[in-house]
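**Student:** Starting off with a structure, shown below.
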Amino acid sequence: MAKLNFAVIGNPINHSLSPAIHKYFASQFNLNDFVYDKIETTQDNLGKTIEAFFSCGGKGLNITIPFKIHAFNICHLLDTSAIQCGSVNTLMSESNKIKGFNTDGIGFLDDLNQKGIEYNNSNILIIGAGGSAMSIISSILQKSKKSNISVFNRTKINAENLIKLFNNNKLNLHDHDTCYDLVVNTTPISMSEEKINLPNKLIRSKTICYDLFYNSKRTSFQSWAYDNGAERCYDGLGMLIQQAKHSFTIWNNLTPEINGLEDKLRKL
Ligand code: NDP
């Protein structure tokens, strides 16, 4: 029987837990020929790497940092989830064409729901203006008409461009003195454990913080949030599992069970 080949492409990619998650999902359906690899590439080689993967019979790809926006431009077909946020994290082959989806935004909201975090009528700050920021903002704007979202980014013009793209009066630049209900870090600042340089006064004790990055120990952003007075700050492992569940379903038309997986992965 032919192998069911899947992979995640990124750079760096060593830290990725996606292979462990997808193998756990596959084991629920006795997909014995399921293979899920990590592929590291460069931006110049991204197109060739994706095409080679599918022309060799690959079934599905996840795309991670820093290629989500570049991969969007390589796709021949795009699902609405990708069009709405301008980036992709899930690819599959459809009639010999590469089709892109984005499951990050829905995965993020599923994890907020799972953790009982309110986002429907909230003041939300998104730190960062890259691919994951776009997918999260797009999903919140669709699901919640009442929340106000602000964006703060290292390069201000990138935040301004992102805001222009959505053209929605609920989405604005961060204003100096605003304090938020929910602060979401979508930058990779925790990846390097570098010192966090963010505006003061974003947080009060009731503010919930969320770092998209995940680690076996507390992330730098989580430490920054607790040092600045937050009582609750999560990492992105729950979101990683939820977005993977949606990718797995797109590829295999099967919805895996995720109960207990977060605890299992934290013990790896
Ligand atoms: P992108 O490269 O698309 O965007 C990165 C953003 O972070 C940009 O706005 C960039 O700002 C900013 N940034 C980069 N480096 C720094 C820095 N040193 N200091 C401050 N800002 C910085 O990345 P993604 O959006 O795809 O991913 C971002 C993070 O989210 C990664 O850590 C990734 O692992 C994580 N992630 C986790 C997911 C999960 O399921 N848990 C899903 C998706 C992402 P500028 O505009 O100035 O370049």
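The values are calculated or read from the model by the stated rules, or taken from the named source; none is laboratory data. All figures in this text were calculated on a predicted structure; none of them were measured in a lab. A quick note on method: Cβ atoms are made from the backbone with ideal geometry, for glycine too, and the neighbour counts reach across all protein chains shown. Just so you know, the surface numbers come from the protein's heavy atoms only, side chains and all, with ligands and any DNA or RNA stripped out. Shrake-Rupley method; radii C 1.70, N 1.55, O 1.52, S 1.80 Å.
**Student:** Relative contact order (percent) for the chain, with alpha-carbon contacts under 8 angstrom and 6 or more residues of separation?
**Tutor:** Values: 494 pairs, mean separation 39.7, N = 268.
After rounding, I find 15 percent.
**Student:** Another question, if that's okay. How large is the accessible surface per residue of the chain, computed with a 1.4 Å probe and reported in Å² as a whole number? Please list the in-between numbers first.
**Tutor:** Details: 12980 Å² over 268 residues.
For the chain, the solvent-accessible area averages 48 Å² per residue.
**Student:** Find me the longest stretch of the chain that has none of the exposed GluC sites (Glu not before Pro), where exposed means in a DSSP loop (not H, G, I, E or B) with at most 15 other Cβ atoms within 10 Å. Walk me through the intermediate numbers first.
**Tutor:** Details: sites that count: 118, 193, 194, 231, 257.
Within the chain, the longest run free of exposed GluC sites (Glu not before Pro) spans 1-117.
**Student:** Something else about it: List, in order, the whole-Hz ³J(HN,Hα) value for each residue of segment 128-138 obtained from phi through the Karplus relation with A = 6.51, B = -1.76, C = 1.60 and θ = phi - 60°; use x for Gly and Pro.
**Tutor:** x, 9, x, x, 6, 4, 4, 6, 5, 4, 4
**Student:** Please give, to one decimal in nm, the separation of the simple spin-label points placed at residue 160 and residue 231, each 7 Å out from Cα toward the Cβ.
**Tutor:** Inter-label distance under the simple model: 3.9 nm.
**Student:** Below 29 Å, Cα to Cα, which lysines can residue 99 reach? Residues fewer than 8 away in the same chain don't count.
**Tutor:** 3, 23, 38, 48, 59, 68, 143, 164, 245
**Student:** Given a 1.4 Å probe and every protein chain left where it sits, what share in percent of the accessible area of segment 105-235 is carbon and sulfur? Don't skip to the answer; put the middle values down first.
**Tutor:** Numbers: 2860 of 6450 Å².
C and S fraction of accessible area: 44 percent.
**Student:** If you don't mind, another one. If you build a Gaussian network model of the chain, linking Cα atoms that sit under 10 Å apart, which residue out of 76, 174, 22 swings the most?
**Tutor:** Of 76, 174, 22, the most mobile in the Gaussian network model is 76.
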